[in-house]
Every structure is written in C-alpha cells, then in structure tokens.
Amino acid sequence: MLEARKATRRRGAALDQAILGAAWSELVERGYAEFTLEAVALRAGTSRPVLSRRWTGRKELAKAALTHQLEQQPVSVPDLGSVRDELVSLLQQLAGRGHVLIVVMAKMAGYLAETNSSLEDLRRDLAKGTIDHVLKRGVERGEVDASRLTRRITALPIDLIRHEMMMNMKPIEASVVEEIVDDIFMPLVRTPAR
C-alpha cells in the first residue's frame, strides 16, 4: 500500500504545476484577502510545509501563480514587416487574455497593500517587454521615431487596452484596437515624412 502511494506522489514540476494551479484558482475565487497557504495546499492535495519549502509566504506564492498563469498564454508577435500590424496583433492578444488583467486589478488590492507596491510595480515585474521588441523593430525599419518613445508614450497602447477592459468589462472589438493603433498611437510615434 505504501509503495503504491509513493508511485503516485507528485514531485518536481508536476507538483509545482498543481500548486500554482491551485493558487490561481484560490486567487480567482477568493481574492488575495482570503488567500492562504493552507487553502492552496488543501486544493492542491499537498501540505503547507511543501508550499513553505518552495515559497517563503503568500505574497511570493500569489505572484508566482500570477506569473505562471500569464506564461500559460504567452504573447508573441512575429516580425510582420509593419509596426502597425505588429501592434494590432499584440493588443489583440492582450485583449484576448484580458480576464487575467481584470482579475489582477480586482483581486490583488491586498497584495499591493501588503507589499507596499502598486499595479504599475506588478505590471513592470510581470512584463516581458513585448511592446519594446515591436517598437525596436519599427525603429530599425524607419517606421518609428525613437526620439518620441518616452516611457509614457511606449506604455500608452497597453494602458488604453487595459482602460477599455476595465471600463467596459466586455470583449474588445477589433475596431477599437485598430483605432488605438491608427488614430492615437501611430501619429505620436511615426517617423516624420521627409
């Protein structure tokens, strides 16, 4: 009997996946205010000491669960030969996984207070720099004026998508994404005609 139990015991990556999935479910269902290592351990079918060996506390586990969730839906924008097309692709992908961003904003207030951080800090910690890659290609192709890429302007397209998701709480139409790119962002960064 003991040997059969050992044979089915999860270890390594399989156990980590189960814990992170359970942690994400706890965050979605209960929010950070009610997020406990005990509840995650119970949901994952393991024990609190197993969690404590991997993460020093609930803050670290919550951030790991969020990071893991975002990694399950990676954003990838290939070189499409046009910064405009690449930005549309990027923003459509972000809009498609908007539920994650909404959960972060709505459920992580306690995390932000406990860590004395902001949504901007969390976003920066979790960002992979995809928009930076797209804009760098645009600069290299001569479509984007690098001198216009301030921190705030670079963040603008994603900020507008996030605003749209939070204000409307419904899927973002393709025409809205195109309007953000064509009517708002590209006129700000486009290389001037000579």
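See the values below:
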read-out	value
Distance in nm between pseudo-label sites at His68 and Ser117 (7 Å out along the Cβ direction from Cα)	1.7
Percent of Cα pairs exceeding the 17 Å cut-off, where the set is the range 75-189	56
Unit charges on C-beta of K, R, D, E only; dipole of the range 75-189, Debye	320
Relative contact order computed over the chain (Cα-Cα under 8 Å; 6+ residues apart), in percent	22
Added length on full extension, which subtracts the Cα-Cα distance from 0.36 nm per residue, Leu42 to Ser76	8.8 nm
Residues Val181, Val75 arranged by fewest to most Cβ contacts within 10 Å	Val75, Val181
Lysine pairs in the chain with Cα atoms under 21 Å, if 8 or more residues apart or on separate chains	6
The chain - charge dipole about Cα centre, Lys and Arg +1 at Cβ, Asp and Glu -1, debye rounded to 20	960
Most positive-pole-ward Cα, Leu156, Leu135, Leu20, against dipole of the chain from beta carbon charges	Leu20
Label-point gap, in nm, between Met169 and Arg30 - each point 7 angstrom along Cα→Cβ	2.4
At q = 0.08, 0.10, 0.12, 0.13 Å⁻¹, base-10 log of I(q)/I(0) for the chain (Debye sum, equal scatterers on each alpha carbon)	-0.35, -0.52, -0.69, -0.77
Percentage relative contact order, the range 75-189, counting C-alpha pairs under 8 Å, at least six apart	40
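Every read-out reported here was derived from the displayed coordinates using simple, explicitly stated rules and does not represent laboratory data. Since we're looking at a predicted model, the values are computed, not measured. Counting neighbours? That spans all protein chains shown, and the Cβs are built from the backbone with ideal geometry, glycine included.
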